[in-house]
Amino acid sequence: MTAAVLPVNGMPSCHEQRLLIVGLGLIGGSLAAALRASGFKGVITACDPSEDEIARGIDMGLIDTGGVALADQVAGASMIVIAVPVLAMESVMASLADLLTHAASNVVLTDVGSTKATIRDCAARVFGRVPPNMVLGHPIAGSEKSGVAAANPALYVHHNVILTPEPDVDPDALMRVRALWQACGACVLEMDVERHDQVLARTSHLPHLLAFSLVDTLARQDERLEIFRYAAGGFRDFTRIAGSDPVMWRDIFTANREAVLTSLDDFEAGLARLRQAIEQGDSDALIATFDRASHARHYFDTLLNKTSYQAEYNMQPQGKVTYRVRPGGQAQGRLRVPGDKSMSHRSIMLGALAEGVTEVKGFLEGEDSLATLQAFREMGVAIEGPHQGRVTIHGVGIKGLKAPAGPIYVGNSGTAMRLFAGLLAGQAFDSELTGDESLTKRPMARVADPLRLMGASIETAEGGRPPLKIKGGTALKGIFYDMPMASAQVKSCLLLAGLYAEGETRVREPAPTRDHTERMLNGFGYSVSREGDTCWLQGGGTLSAGPIDVPSDISSATFFMVAAAITPGADITLEHVGINPTRVGVINILTLMGANLELLNQAEVGGEPVADIRIRYAPLKGIDIPVDQVPLAIDEFPALFIAAANAQGTTRLRGAEELRVKESDRIQAMADGLAILGVEHTVVEDGIDILGNADAQVPSYGGGRIDSLGDHRIAMAFTIASLRASDDIIIDDCANVATSFPSFVELANKIGMRVNVEGQHD
Ligand code: S3P
């Protein structure tokens with residue numbers, strides 16, 4: 001029986017009995033090679049007009065038998081793969097139509113052609129309709145080499161194969177063709193024929209056309225020898241594909257004429273825009289285009305795979321990242337942690353909306369703020385960098401943003417999504433905001449509701465969750481909003497929408513929250529007033545660019561403050577940390593717990609207070625955390641829970657229900673981890689009691705395996721916890737540490753910890 005296929009030992013395999021490949025070139029030969037490498041047990045035969053190709057295929061061990069006459073090969077085939085050039089398909093199909101009576105009754109037909117509409121049409125002509133046992137397909141893989149001699153068993157590994165089945169396809173045939181390609185290591189996708197041809201015209205056919213055209217144009221110039229002699233790497237990279245098989249490409253351009261012409265029109269329009277920018281010396285337009293392009297590939301990979309920017313940029317392990325931390329170790333030294341995340345987001349946002357050029361120093365090159373940066377590129381803002389924390393933003397003015405080409409993907413960042421919601425509500429264009437799995441679970445009604453009161457038109461998914469769909473061109477009016485929760489993101493969202501609203505936008509906060517938006521707006525010459533718990537601004541003003549110096553993030557510094565606070569003998573100095581009064585809850589709480597903490601070199605930089613923070617070990621005691629400190633330390637609780645686990649007595653936290661809607665439910669995630677370490681605690685709805693164990697001579701708790709739930713701060717908190725553990729702590733799902741603190745592990749090891757990163761490639 002010719003069975004379809006199910007994974008054997010976890011690897012998909014192909015169970016065809018007799019595979020016939022018609023056309024034994026690179027593509028057909030590589031298919032045979034890949035199947036052989038996968039342990040394929042059936043017979044592989046081939047038919048090719050060249051006897052030499054068949055003989056080589058047999059010599060190379062790729063095929064068992066073969067010949068030049070199709071009639072001799074068809075009988076008994078369970079699957080026939082037509083791997084001939086697109087324009088030769090019709091004659092092959094016509095011969096097959098006559099011969100198929102000799103084939104096995106459940107024979108499946110498929111092909112590998114690069115365009116699908118012409119092949120589907122020719123099947124319909126030959127067979128009367130596309131037969132249900134025919135599944136058209138296209139492996140998106142190739143090489144400029146041709147012929148069976150170039151066959152490569154790895155050609156399809158991790159490459160896409162697009163199948164374009166007709167609606168009435170036989171499901172068993174579809175499953176078997178899928179299995180064929182999966183056995184070769186490919187990822188199999190399905191789409192309809194028209195979509196396939198449009199996508200391929202843009203991503204494959206157009207670039208080949210350009211490469212052929214550029215090489216040919218240069219080759220026809222008088223000084224061609226000189227040109228080719230000095231051709232450097234860039235030319236070679238760009239034109240490599242001009243060495244591809246001319247017949248195949250002639251066929252492709254003939255077959256996919258319409259879709260190719262449309263994509264050529266788009267390309268010519270883009271080229272004309274660049275030409276004009278060069279003619280007019282429009283350097284902003286050139287930078288905007290080049291910057292967008294130079295980051296686009298990377299950005300779209302991130303968006304498609306929902307993976308991280310760092311993984312691509314820095315070759316960090318992608319997919320699952322686990323930290324294995326040895327117990328004990330030291331906490332010594334001077335450190336400078338990366339730039340403040342909240343300020344980094346805002347520096348890009350306000351810089352983009354300002355008139356003039358904004359130079360940012362100390363920008364956090366973490367996933368979250370990079371997502372914001374990329375989003376503005378997508379909206380037509382020229383941004384240079386980041387390079388070692390420096391970013392140059394060519395502001396487009398408050399009304400200068402352009403519609404992005406698609407949804408804006410903000411990854412893991414709640415701040416980006418909520419602040420963008422306000423800013424985009426005021427634009428003339430429609431927009432959509434999406435994020436990763438964790439962000440998709442977080443509440444957005446807290447911004448959508450008040451924005452609607454301002455007149456915005458916003459749709460959320462069920463339960464007020466992302467994605468957010470925002471209608472452009474709606475007139476906003478200022479409101480007075482009495483925030484039900486203490487949230488800097490909600491406040492900032494409304495102030496940003498307020499820039500576009502008629503009249504005054506006022507926000508009252510139930511407790512003070514970080515005021516970077518207000519400070520930075522004032523720094524950009526846009527007046528934000530405050531009286532007591534309420535701040536407000538008038539819509540319709542302008543922002544003027546200025547330099548921004550982003551201090552180190554106190555939220556990142558916290559992990560090392562706690563490291564020193566719990567480790568006997570520790571002495572750590574954290575340089576140039578932002579100590580804005582709305583962020584210093586962690587300093588106040590640790591001090592109340594008895595930590596030995598000093599602020600040195602206090603100064604004000606660009607409207608924000610900074611200091612070096614020195615912290616030396618001193619025994620900690622449990623406290624009732626003052627409720628008014630909760631919003632001022634909102635991101636610091638995972639680390640503070642570890643301080644509590646190392647204090648004498650019980651630390652009680654209340655009024656912290658907001659922790660339940662952060663990147664994870666941080667009360668529960670921390671409680672689960674503490675339970676694994678053996679730390680006594682009691683969870684309540686809005687907080688937790690933690691009973692510390694503070695004997696400096698012995699470890700405070702055990703080790704174990706902890707799930708960070710993809711929450712960066714949970715991962716970092718339990719890493720620091722190892723300083724006082726009796727055994728290894730293994731923390732899973734740590735890739736998101738890169739959202740806020742890409743150099744965390746490096747710095748942890750620098751102070752004397754022993755953190756190993758185990759990455760697993762997907
Ligand atoms: C932030 C505000 C806080 C904080 C987040 C950053 C900001 O969120 O937890 O990490 O940059 O405005 P909430 O506004 O939800 O409290």
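Results, tabulated for the structure shown:
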read-out	value
Calculated FRET value between ARG125 and LEU271, using beta carbons and R₀ = 30 Å, to 0.05	0.20
Cβ-based charge dipole, region 614-731, positive-most Cα from GLY687, GLN648, ALA618	ALA618
Surface per residue (accessible, 1.4 Å probe) for the chain, Å²	40
Other-chain or far-sequence residues with amide H under 5 Å of ILE140's (modelled H)	ASN160, VAL161, ILE162
Near-label residues of region 178-221 by backbone N, under 11 Å of a point 7 Å along Cα→Cβ of VAL157	185-186
Surrounding net charge for GLY395, when Lys and Arg each add one and Asp and Glu each subtract one, Cβ distance under 12 Å	-2
For region 6-76 versus region 384-440, the gap between their alpha-carbon centres in whole angstrom	51
Chain lengthening between VAL605 and GLU51 when straightened (0.36 nm per residue, less Cα-Cα)	191.7 nm
Per-pair calculated FRET efficiency, R0 = 51 Å: ALA71 and ARG202 via Cβ, rounded to 0.05	0.80
Contour minus Cα-Cα distance for VAL757 and GLU462 (0.36 nm per residue)	102.5 nm
Charge dipole (debye, nearest 20) of the chain; +1 at Cβ of Lys and Arg, -1 at Cβ of Asp and Glu	800
Area of GLU758 that stays accessible when all protein chains are in place (1.4 Å probe, Å², to 10)	80
THR65 accessible area, 1.4 Å probe, all protein chains in place, Å² to nearest 10	60
Rounded if a/c under 1.5, otherwise prolate or oblate - the chain, Cα gyration tensor axes	prolate
Whole-percent carbon and sulfur share, accessible surface of the chain, 1.4 Å	52
Amide H partners (placed H, <5 Å) of GLY704, local residues excluded	ILE729, ILE730
Tensor-based shape of region 342-546 (alpha-carbon gyration tensor, a/c under 1.5 rounded, otherwise prolate or oblate)	rounded
Interchain or long-range residues, amide H under 5 Å from ARG506's placed H	ILE479, PHE480, TYR481
Within straight-line cross-link reach of LYS477, lysines at Cα separation under 27 Å, skipping those fewer than 8 residues along the same chain	LYS399, LYS402, LYS469, LYS491
Region 18-191: C-alpha gyration tensor shape, a/c 1.5 cut-off, then a/b vs b/c	rounded
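The values are calculated or read from the model by the stated rules, or taken from the named source; none is laboratory data. Keep in mind that what you see is a predicted model, and the values were worked out from it rather than measured. For neighbour counting, all protein chains shown are included, and Cβ atoms are generated from backbone atoms with ideal geometry for every residue, glycine included. Side chains included, ligands, DNA and RNA excluded: accessible areas come from the protein's heavy atoms. Shrake-Rupley method; radii C 1.70, N 1.55, O 1.52, S 1.80 Å.
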